[in-house]
1. Give the residues of region 551-599 that are within 16 Å of ligand 1 (Cβ to nearest atom), basic (Lys, Arg) and out of contact with any Gly (no Cβ under 7 Å at 6 or more places or on another chain), sorted by residue number.
2. For Ser436, only one of the following conditions fails: (1) more than 30 Å from Lys514 (Cα to Cα); (2) away from ligand 1 (no atom under 15 Å from the Cβ); (3) buried (at least 16 other Cβ atoms within 10 Å of the Cβ). What is its number?
3. Anything in region 257-271 that is under 17 Å from Ser436 (Cβ atoms) and surrounded by 12 or more Cβ atoms within 10 Å (Cβ to Cβ)? List them, or say none.
4. Across region 124-142, which residue is surrounded by the fewest Cβ atoms within 10 Å (Cβ to Cβ) among those that are closer than 15 Å to Glu94 by Cβ and of a type in the set (A, V, I, L, M, F, W, C)?
5. Check region 285-308 and report whether any residue there is in a loop (DSSP other than H, G, I, E, B), under 20 Å from Arg238 (Cβ atoms) and either within 27 Å of the chain's Cα centre (by Cα) or modelled with pLDDT of 95 or more (or both).
6. Quick one: count up the residues across region 39-75 that are outside any loop (DSSP other than H, G, I, E, B) and over 30 Å from Asp13 (Cα atoms).
7. Residues being without any contact (Cβ under 8 Å) to a residue 24 or more places away in the chain and touching a helix residue (DSSP H, G or I) at 6+ places or on another chain (Cβ under 8 Å): count how many of those fall in region 337-371.
Amino acid sequence: MNNKTNYEYLLSDLSSLKGVGTKTKNLLKKKNINNLFDLLWKLPKSYTDRSLSSKIKELKIGEIQTVTIIPQKYNFPRIRKLPNRVLCSDETGEIDCIFFNSYEGYIKKILPLGKEITVSGKIGHFKNKYQITNPKYVSEDSSLIKQTHNKYSLTEGISEKIYNKILNQIINNLPVFNEWHSKSILSKFKNISWNSSIKELHKPENIGNYKSNFYQRLAFDEIFSTFLVNSEIRKKIRKIKKKNKVINFNKQNSIIDKLNFSLTDDQQKSLNEINKDLSSPNKMFRLLQGDVGSGKTIVSLLAAINTINSGFQVAFMAPTEILARQHFTLAKKLFPKNINIALISGKSEYKVKKEILQRLENNKIDIIFGTHAIFQKKVIFKKLGLIIIDEQHKFGVNQRKKLSDKGGSNCDVLLMTATPIPRTLTMTIYGDMDISIIREKPKNRKPIKTYSKLEVKIEDVLKFIKKEINLGNQIFWVCPLIEESKKLDHSSAVKKYEYLESKFPNQVCLLHGKTEVDEKNEILNNFLNNKFKILVSTTIIEVGIDFPNANTIIIENANKFGLSQLHQLRGRVGRGDKDSTCILMFKSNLSENAKKRIKILKDTNDGFLISEEDMKLRGFGDILGFKQSGVKNFKLADPIHNSDLFILAEKEMRRIENSNEDIGKFKPLIKLYDRADIINDIA
Ligand code: ADP
Ligand code: MG
């Protein structure tokens, strides 16, 4: 029935378990428990010890006790409301088993007269006599009762008894695997095997024993499995052969010379890494990660020009039209006249679009900017050599893999994200890509002065922005999120707009979730061109857009946002060399914890550091909505408490990568823990 060396047993259907019928199976499915392996992570919350039995004389009233008795006499009253009773005894005394709402037939079956029966339950006392009411644990086989019985957080319709029964079955039939870890890794967990670890994990006395070797080993297993799968994807992409680009450094440097700044060391380092990939005969699949305003655009444009000068086309995708246009304008300014640069916009006329498509197909366009529209089927490139995608932290592993398949064999891929994340998560979330990081901000950056202010002091804030407007600066005003309801957000933004418009007539514009795309672009353009001084909005403005003239941002109800999100919002200002200010507004006095959070923001402008702190305070699932973005949820591992295991797993993964070790031995691990579709062709 059970192949003990095979992981497939654990991946088998729930109905292979005794005691699991269609009903239980469906209830578990609703909880995303689809096979035996999934059930292994259903852990006991507490337990009841029924292992010790007493004689009736020694029973303790009010406690859960186990006792072996002989039923002597039934007392089934004819009056409905009265309970059925069974008088029982042992050699030391008498006890009544009391049943409300139970059929006589059932009672006779579980408590046959004259037989030794073991029962367990809470002991009561009534009219000078011991009693047990509705005992759930009753059996002729005392060993079935005299155990510890685990308590689980129950799924509706599934009893503790069923959970105990099915989990015991799995634990008793666990396959014995050949160890997949190296000796040195294993020794870190006192050499405990996967099999024993699972057994320990389910022992009631081990509940909550997070520091133990078995818990740590199992957490490591799941982290490592993720890293290994990511590494396999990366390896596979790297194996794809392409025609390498030949970088013309003279031409690249003549563009750098045009800039009115010099590249930071991190920008230069990232550019070198990208250039190396472009010139290699293997496909590039790289992430350029850098905080808001760290200067990723110029790095990507240099990669683009190098690709173009090598005879290929480039597709540059931005999340919004306005951002696509901004990049397009910058390329127009920086690239030599002979480079053909195009922008495909939703607004373009059909004729214009058609012409662009034709020119793309005939290799008459070197680089095209646009939103996701540039990846439609009808867009055909003659010689696409590089895809650049800006600000897309919301892509999951599978989406990215599809993307890397796009563009054909000669096409490199560069993704950019302005979302710094804690180191422990980088491998988890972006492990399928090579990564370049820009940590250091351009030197001319002044820190954004960050203040907190109570809402009742709004007059002070108005005074402050009046001063800034008089200096020729522009203001973002971000409205509170109210109970996550779009409708309410919208009305609060409208109200604030009306209020500010009354204070600053004809100087305020408004953007909210309901603004149509065309109108939104127009409003943003007007603001960009300084036609309005204050832009009131919900959180919808994307982080990438450069508003060089805006230097102040007001964020209302700031405690509704996480630190990383506040940091991102704040990053809309302070991109130029102006003094810039961020004012966080609060409805009421800050709690100690909130003060701590705000202090971090005031003290640093380092997005990586802020993301670490944010994760410590709020847990990793919440930072910037990564939970929704297809990032896997770990069963045991916790990026905060197990950060050492994440680092160890990365080290081990690199060791295996560099030693070209055969990963066949990890097959059960990967099959059990990870996405089967990705690893189908692993040994
Ligand atoms: P992000 O990384 O958020 O995409 P951008 O590429 O939009 O940042 O750059 C933000 C601003 O910083 C732009 O105005 C850009 O011209 C400027 N910038 C980029 N690199 C440097 C640098 N090395 N020194 C000074 N300013 C820079
Ligand atoms: Mg950007």
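1. Those that are within 16 Å of ligand 1 (Cβ to nearest atom), basic (Lys, Arg) and out of contact with any Gly (no Cβ under 7 Å at 6 or more places or on another chain): Arg570, Arg572, Lys578.
2. Ser436 satisfies every listed condition except (2).
3. Just the residues of region 257-271 that are under 17 Å from Ser436 (Cβ atoms), to begin with: 263-271.
Passing the criteria: Leu263, Thr264, Asp266, Gln267, Gln268, Lys269, Ser270, Leu271.
4. Keep residues of region 124-142 that are closer than 15 Å to Glu94 by Cβ, which gives 124-132.
Adding the requirement that they be of a type in the set (A, V, I, L, M, F, W, C) leaves 126, 132.
Working: Phe126: 10, Ile132: 26.
Once the filter is applied, the top-ranked residue is Phe126.
5. The initial filter retains those residues of region 285-308 that are in a loop (DSSP other than H, G, I, E, B), namely 291-295.
Then keep just the ones that are under 20 Å from Arg238 (Cβ atoms); that gives none.
The answer is no; no qualifying residue exists.
6. Here is the first cut: in region 39-75, the ones outside any loop (DSSP other than H, G, I, E, B) are 39, 46-49, 53-54, 56-58, 64-75.
Next, from what is left, pick out any that are over 30 Å from Asp13 (Cα atoms): 49, 53-54, 56-58, 64-75.
Looking only at that region, the number is 18.
7. Residues of region 337-371 that are without any contact (Cβ under 8 Å) to a residue 24 or more places away in the chain, as a first pass: 337-338, 348-359, 361-362.
Next, only the ones that are touching a helix residue (DSSP H, G or I) at 6+ places or on another chain (Cβ under 8 Å) stay: 348.
Number of matching residues: 1.
Conditions (1) assigned by TED's automatic domain parsing to the domain that holds Ala318; (2) more than 16 Å from ligand 2 (Cβ to nearest atom); (3) among the aromatic types (Phe, Trp, Tyr); (4) modelled with pLDDT of 80 or more, marked per residue:
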{"residue": "Asn363", "(1), (2), (3), (4)": "yes, yes, no, yes"}
{"residue": "Phe369", "(1), (2), (3), (4)": "yes, no, yes, yes"}
{"residue": "His393", "(1), (2), (3), (4)": "yes, no, no, no"}
{"residue": "Arg400", "(1), (2), (3), (4)": "yes, yes, no, no"}
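The values are calculated or read from the model by the stated rules, or taken from the named source; none is laboratory data. Please read all numbers here as calculations on a predicted model, not as lab measurements. Positions of Cβ are generated from backbone atoms using ideal geometry, with glycine treated the same way; all protein chains shown enter the neighbour counts.
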